[in-house]
Amino acid sequence: MGAARVGVVTFPGTLDDQDAARAVRHAGGEAVPLWHADRDLKGVDAVFLPGGFSYGDYLRCGAISRFAPLMEELIPAAHAGLPVLGTCNGFQILCEAHLLPGALTRNENLHYVCRDQRVLVESNATAWTGDYTPGQEILLPVKHGEGRYVADAATVTALESGDQIVFRYLGGNPNGSVNDIAGISNEAGNVVGLMPHPEHAVEDLTGAPSVDGRGFFTSILKRFVSL
Amino acid sequence: MARVIVDVMLKPEILDPQGQAIARALPRLGFSGVTEVRQGKRFEVEIDGPADEAAIADVRKMAETLLANTVIEDYSVRVEG
């Protein structure tokens, strides 16, 4: 079979779509550009929602993107099992779309945080983390002003007991996120969202702090090769 | 023509660091006795018909769907005037 096709969504104000597409190609996949205004997933095997400031973050981060025509296709497809990864603004969109529980709110200290962040991989039982080992420590860039994950106590307990907390911050929580949560998955494990940026950590050439982000892309591609 | 007001506030249990920053700034400006500030959003929705029950119900639906994220925010709807 040919390379797995990973759709990379561009909204007005998306910034990281080119890096995301490059990371997909770097891992040997085919990156398929998807446009927010099209009701068409182009038959892709998986979808990457990159970071940025979609629709200018007006109203709330991800609040308007969630109703884009493309999302009307993506939401039912994700419920049906399509692997979807959202990083940063992509994570915010997934929460606004209720594909992931909880919400992302303004950083506790009100500072925009841009730094290399140690991250603990808690679960490899998702479509996007199979190539990692639980307990593995990775280093990824974070850059956000609204990354403080919040959810009600019952939701957090369910995430903890259901192995749905996929990533936790190590060595200092950049935003005040509950239980140091950096990323979560849905119950089925096909939808994953995180604030750090794996797509910025795949090549030494770009001055990335590590190439630890590669595992996201190799994980998802392997999944389709093995089918 | 009628104007319907939607107020959106973070739920009481959700930390509001912007409100806290405002509260910390007030004493420096000489305002004393402020124990807490919470920051929210106000939407003024102009509708072309009367603000009858159906119109209000519509605005409530807008608030529920888009204006507020009910995971973290509460909203209230009222007619101005």
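Taking region A:73-87 as the range and being over 14 Å from residue A:51 (Cα atoms) and small (Gly, Ala, Ser) as the test, the residues that pass are A:77, A:78, A:80, A:81.
Comparison of B:45, B:59, B:8 shows that the only residue that is over 19 Å from residue A:57 (Cβ atoms), touching a helix residue (DSSP H, G or I) at 6+ places or on another chain (Cβ under 7 Å) and among the aliphatic types (A, V, I, L, M) is B:45. For region A:158-170, what are the residues that are within 18 Å of residue A:198 (Cα to Cα) and either open to solvent by 50 Å² or more (accessible area, probe 1.4 Å) or of a type outside the set (A, V, I, L, M) (or both)? The answer is A:167, A:168, A:169. A residue that is surrounded by fewer than 17 Cβ atoms within 10 Å (Cβ to Cβ) and not hydroxyl-bearing (Ser, Thr, Tyr) can be found somewhere in region A:184-192. If the condition is being among the small types (Gly, Ala, Ser) and either within 14 Å of the chain's Cα centre (by Cα) or open to solvent by 30 Å² or more (accessible area, probe 1.4 Å) (or both), then region A:47-78 contributes A:51, A:52, A:56, A:62, A:78. If the condition is being among the aliphatic types (A, V, I, L, M) and open to solvent by 30 Å² or more (accessible area, probe 1.4 Å), then region A:7-40 contributes A:15, A:27, A:37.
Consider region A:87-143 and keep the residues that are open to solvent by 10 Å² or more (accessible area, probe 1.4 Å) and part of a helix (DSSP H, G or I). The one that is farthest from the other protein chains (Cβ to nearest Cβ) is A:92. The set of residues in region B:1-11 being over 18 Å from residue A:154 (Cα atoms) and either small (Gly, Ala, Ser) or surrounded by fewer than 16 Cβ atoms within 10 Å (Cβ to Cβ) (or both) consists of B:1, B:2, B:3, B:5. Taking the numbered list (1) surrounded by 18 or more Cβ atoms within 10 Å (Cβ to Cβ); (2) on the phi > 0 side of the Ramachandran plot; (3) away from every other protein chain (no Cβ under 14 Å) in turn, residue A:81 passes all entries but (1). Screening A:122, A:160, A:96, A:137 for residues that are in contact with a Leu (Cβ under 7 Å, 6 or more places away or on another chain) and not hydroxyl-bearing (Ser, Thr, Tyr) leaves exactly one candidate, A:137. Of everything in region A:144-157 that is buried (at least 19 other Cβ atoms within 10 Å of the Cβ) and of a type in the set (A, V, I, L, M, F, W, C), the residue that is farthest from residue A:88 (Cα to Cα) is A:156.
Rundown of residues vs (1) more than 30 Å from residue A:151 (Cβ to Cβ); (2) small (Gly, Ala, Ser), yes/no style:
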{"residue": "B:5", "(1), (2)": "no, no"}
{"residue": "B:10", "(1), (2)": "no, no"}
{"residue": "B:13", "(1), (2)": "no, no"}
{"residue": "B:20", "(1), (2)": "no, no"}
{"residue": "B:32", "(1), (2)": "yes, yes"}
{"residue": "B:42", "(1), (2)": "no, no"}
{"residue": "B:48", "(1), (2)": "yes, no"}
{"residue": "B:63", "(1), (2)": "no, yes"}
{"residue": "B:77", "(1), (2)": "no, no"}
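Specify the residue that is nearest to residue A:108 (Cα to Cα); the eligible residues are those in region B:12-29 that are within 9 Å of chain A (Cβ to nearest Cβ), open to solvent by 40 Å² or more (accessible area, probe 1.4 Å) and not polar (S, T, N, Q). The extreme case among them is B:15.
Counting only residues that are away from chain A (no Cβ under 14 Å) and assigned to a strand (DSSP E or B), region B:40-81 holds 7 of them.
The values are calculated or read from the model by the stated rules, or taken from the named source; none is laboratory data. What you see is a predicted model; the values in this text were computed from it and never measured. Counting neighbours? That spans all protein chains shown, and the Cβs are built from the backbone with ideal geometry, glycine included. All accessible areas refer to the heavy atoms of the entire protein, side chains included, with ligands and DNA or RNA removed. Shrake-Rupley method; radii C 1.70, N 1.55, O 1.52, S 1.80 Å.
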